[in-house]
């Protein structure tokens, strides 16, 4: 998701009892989104579009909005993690059972039998140190996967990335700063199949060719990665689909 559009203001409106967040940006088209896990509704609207026009657009999509909210309400969600033995954790699209091992020496994580994640921590480590060790391992694994994907798709798309990084984000799988040619990728992507990560990399690199999520952007995605919509669907599937693109 690119960050270059300037936000002028943000405020809520109510449409048929539904609270809608309206954000005005320097964009050409109105974008409606329903966010998991609770079905929050957000409209990104061009600066020239007034609240009444936004209201009418939301009314025309009420059926779709309700269906999306119902879908989110019925989806499985992952509860808050405590990083204890027996807990389910995900890595590259597979679910693993966590096995916490307390022993002296450097903390580390390893996969055993394709079913378990051994989390080795020092005796007495509570929730925060256990979480920190696992997140550091996730970050290391994700950072190893990203460079070859960037090199591959820079060549295919004819673009160049000046800088990239990994960080935790609540409402984006990725971001692109077009002027700086810098992309950020969500740490949560390491929990998804690698094709999902590749899709997000392609998505962000295509923003270097087209700033907005418009017909040209979709056409460029179709040309580069014809199955991208399937990868997006997998990306936003629960229990880990807690963040979503705005389109």
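The values are calculated or read from the model by the stated rules, or taken from the named source; none is laboratory data. The model shown is predicted, which means the values in this text are computed figures rather than measured ones. Note: ideal-geometry Cβ built from the backbone for every residue, glycine included; neighbour counts use all protein chains shown.
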Of the listed residues (22, 58, 100, 84), the one being over 30 Å from residue 124 (Cα atoms) and either at pLDDT below 90 or over 22 Å from the mean Cα position of the chain (by Cα) (or both) is 58
Kindly indicate whether residue 53 is within 30 Å of residue 205 (Cα to Cα) and part of a helix (DSSP H, G or I). no
Residue 231 crowded, with 17+ Cβ neighbours inside 10 Å and in a loop (DSSP other than H, G, I, E, B): no
